[in-house]
Amino acid sequence: MNAPVLLSVRGAGKAFVHQGQPRWACRDVSFDLYPGEVLAVVGESGSGKSTLLRLLAARHACDAGSVHYDVRAESGEQSSTLMDLASMSEARLRWLARTDWGFVEQHARDGLRMNVSGGANVGERLMALGSRHYGNLRRETTAWMERVELDPRRIDDLPATYSGGMQQRLQIARNLVTHPRLVFMDEPTTGLDVSVQARLLDLLRELVDQLQLAAVVVTHDLAVARLLAQRMLVMKDGVVVEQGLTDRVLDDPQHPYTQLLVSSVLTP
Amino acid sequence: MNETPMTAILETLALSKTFTLHGRGGLQLPVFAGIDLRVSPGECLALTGHSGSGKSSLLRCLYGNYAASSGDVRIRHEGQWMSLTTALPRDVFEVRRRTMGYVSQFLRVIPRVSTLDIVADPLRRLGVNAESARSQAAQWLTRLNLHEHLWHLPPATFSGGEQQRVNIAHGMITSPAVLLLDEPTASLDADNRRVVVELIHAARASGSAIVGIFHDDEVREAVATRSFDVEQHRNSL
């Protein structure tokens, strides 16, 4: 039980300047994420959860505190030290984002390249890792399309010709093809039909399990959190008001806001 | 390490639970206080008390599903005593994966996942291969008289009794060292109640420590080696 921490967040915060005054979108967030752990971040829109996700994924820089990541050794060297994202070069961060991390956007269009084929969207990340052999790329891409339940015959079609659910599954394949250790997801099932959502959730649950992925999933849907995450973090007005084991937070919420959130859900 | 005899596997120390309802102006709902329990392998402890006396809340505290308001829940996990009230989420998960099973009254269904796979899942999480896990799951479902034509369907549309049997198979399949049972026979007919009683006997014989709520007097008398009256620890402010 003493596996090394994968992602370590300490007092992290991000402020945006509004009418000359800094306004904290999120602040003072601290937690450790271990390999294979799935953490859900819940809260209403404007609570700062998406900003937090962008801090963790180095898409924003911290204005306070820090985010450290266990950077995998690049070539043979046995390094397993936590590195401050703020101290890493642009190139190193890009390399991380392309290989060891995934980022699943709420709108698949933001995470896909719409002007190249579905297959190329998946193969692209492999090529970034140096894979050049066309036959191998094609084979691995096909295998991933099947894995996310996409018809491989659509491999040469543009993503725009895919349905919303298919685009989201394509985005997931694109992210997972390099076997990342950590995946960030921003409302991955929002905006999809309920039946499409169920299929995607089941798929995500299975993949996270099989690949032993660590993930940070931002969602406003408590059922999604319960299904995917062992732990959750509840945010309100930019701060974490409660965190802990998912079923404990949902079944025995302590903070007034969490109690309100849980009691506001309609169960069909 | 401490004064706990090696024989016990689960204990509570001055455990209390009070709910605070912030939506109702911080209304305090005291449930129980000062509970000291100790359960050893091979025992089946029945929690008793009227409806609303806090039996299920106590069971949920033992599982880490409810937070203790004060006091402690401790479990011997992989030979080490640990506190469930202060453990990190991932450690609680490990305890649930390897040491402690829970059969709730209600089945939480996962869309699209078949009954057989739901029951096999706890074994899969222990590293058992898919084929072997499924065949053991099939044995449990057969034992619990769940018709084979249901195995490949998600249990969402099953009757209460069918869902309960899926839940029992899911909770018991790994033969956990600590087994928590919340009214496991509530919606079962006499034949299936008898099967569950036999399964509990077998779990006890193989060394599980069991804590359960058994509504049915006959079942309770058949399985319990001791009982604990939660009502006696009712906490009235």
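The values are calculated or read from the model by the stated rules, or taken from the named source; none is laboratory data. Given the structure is predicted, the values throughout are model-derived calculations rather than measurements. As a convention, Cβ positions derive from the backbone with ideal geometry for all residues, glycine included, and neighbour counts pool all protein chains shown. Heavy atoms of the whole protein, side chains included, go into the accessibility calculation; ligands, DNA and RNA do not. Shrake-Rupley method; radii C 1.70, N 1.55, O 1.52, S 1.80 Å.
Can you go through B:His152, B:His215 and tell me which one is over 30 Å from B:Gly34 (Cβ atoms), in a loop (DSSP other than H, G, I, E, B) and open to solvent by 40 Å² or more (accessible area, probe 1.4 Å)?
Working: B:His215 fails: over 30 Å from B:Gly34 (Cβ atoms).
Every option except B:His152 fails the conditions.
Quick check: anything in the stretch B:172-190 buried (at least 17 other Cβ atoms within 10 Å of the Cβ), without any contact (Cβ under 8 Å) to a residue 40 or more places away in the chain and outside any loop (DSSP other than H, G, I, E, B)? So that I can check it myself, show each step before the final result.
Of the residues in the stretch B:172-190, the ones buried (at least 17 other Cβ atoms within 10 Å of the Cβ) are B:172-174, B:176-185, B:188.
Applying the additional criterion that residues be without any contact (Cβ under 8 Å) to a residue 40 or more places away in the chain yields B:185, B:188.
Checking the rest, the ones that are also outside any loop (DSSP other than H, G, I, E, B) come to none.
Taking every residue of the stretch B:172-190 in turn, none turns out to be buried (at least 17 other Cβ atoms within 10 Å of the Cβ), without any contact (Cβ under 8 Å) to a residue 40 or more places away in the chain and outside any loop (DSSP other than H, G, I, E, B).
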Just to be sure I understand, how many residues within the stretch A:213-248 are facing chain B (nearest Cβ under 9 Å), of a type in the set (A, V, I, L, M) and either surrounded by fewer than 22 Cβ atoms within 10 Å (Cβ to Cβ) or not in a strand (DSSP E or B) (or both)? 1
Pairs with Cβ under 9 Å, 6+ apart, first in the stretch A:85-100 and part of a loop (DSSP other than H, G, I, E, B), second of a type in the set (Val, Ile, Thr): A:Met88/A:Val71; A:Asp100/A:Val71; A:Asp100/A:Thr178
A:Asn175 passes all but one of the listed conditions (1) closer than 27 Å to A:Val265 by Cα; (2) touching a residue at least 24 places away in the same chain (Cβ under 8 Å); the exception is number (1)
Count of the stretch A:184-206 residues which are within 14 Å of chain B (Cβ to nearest Cβ) and either free of Cβ contacts under 8 Å to residues at least 40 places away in the same chain or open to solvent by less than 10 Å² (accessible area, probe 1.4 Å) (or both): 15
So is B:Arg165 of a type in the set (Lys, Arg), modelled with pLDDT of 95 or more and within 27 Å of B:Leu59 (Cβ to Cβ) or not? yes
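Among the listed residues A:Leu260, A:Leu266, identify the single one that is over 30 Å from A:Leu176 (Cβ atoms), within 10 Å of chain B (Cβ to nearest Cβ) and surrounded by fewer than 17 Cβ atoms within 10 Å (Cβ to Cβ).
Details: A:Leu266 fails: within 10 Å of chain B (Cβ to nearest Cβ).
Of A:Leu260, A:Leu266, the one residue that is over 30 Å from A:Leu176 (Cβ atoms), within 10 Å of chain B (Cβ to nearest Cβ) and surrounded by fewer than 17 Cβ atoms within 10 Å (Cβ to Cβ) is A:Leu260.
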In the stretch B:32-55, residues that are open to solvent by 20 Å² or more (accessible area, probe 1.4 Å) and within 14 Å of B:Asp182 (Cβ to Cβ) total 4
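Select from the stretch A:60-84 the residues that are under 14 Å from A:Leu182 (Cβ atoms) and at pLDDT 95 or above and write down the one among them that is most open to solvent (accessible area, probe 1.4 Å). Can you show your working first?
Kept after step one, since they are under 14 Å from A:Leu182 (Cβ atoms), are these residues of the stretch A:60-84: A:67-72, A:82-83.
If we keep only those that are at pLDDT 95 or above too, we end up with A:67-69.
Details: A:Val67: 3, A:His68: 51, A:Tyr69: 0 Å².
If we take residues in the stretch A:60-84 being under 14 Å from A:Leu182 (Cβ atoms) and at pLDDT 95 or above, then A:His68 is most open to solvent (accessible area, probe 1.4 Å).
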Are any residues in the stretch B:114-135 farther than 13 Å from A:Arg205 by Cβ, free of Cβ contacts under 8 Å to residues at least 24 places away in the same chain and either within 11 Å of chain A (Cβ to nearest Cβ) or among the hydrophobic types (A, V, I, L, M, F, W, C) (or both), and if so, which ones? B:Val128, B:Ala130, B:Ala133
What pairs come up if the first residue lies in the stretch A:121-148 and is of a type in the set (Val, Ile, Thr), the second is open to solvent by 20 Å² or more (accessible area, probe 1.4 Å), and their beta carbons are under 7 Å apart, counting only those six or more places apart or on different chains? A:Val122/A:Arg174; A:Thr142/A:Pro152
Only listed residue being touching a strand residue (DSSP E or B) at 6+ places or on another chain (Cβ under 9 Å) and more than 17 Å from B:Arg108 (Cβ to Cβ), chosen from A:Ala225, A:Ala215: A:Ala215
Scanning the stretch B:94-115 for residues that are assigned to a helix (DSSP H, G or I) and not polar (S, T, N, Q), the one nearest to B:Ala177 (Cα to Cα) turns out to be B:Arg98
Among (1) assigned to a strand (DSSP E or B); (2) open to solvent by less than 30 Å² (accessible area, probe 1.4 Å); (3) within 14 Å of chain A (Cβ to nearest Cβ), which single condition is B:Met82 missing? (2)
A careful count of residues in the stretch A:6-36 that are open to solvent by 10 Å² or more (accessible area, probe 1.4 Å), under 21 Å from A:Gly102 (Cβ atoms) and not in a strand (DSSP E or B) gives 3
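Conditions tested, residue by residue: (1) open to solvent by less than 60 Å² (accessible area, probe 1.4 Å); (2) at pLDDT 95 or above; (3) at the interface with chain A (Cβ under 10 Å from one of its Cβ atoms).
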| position | (1), (2), (3) |
| --- | --- |
| B:Tyr63 | yes, yes, yes |
| B:Ser70 | yes, yes, no |
| B:Val73 | yes, yes, no |
| B:Leu88 | no, no, yes |
| B:Met100 | yes, yes, no |
| B:Arg112 | no, no, yes |
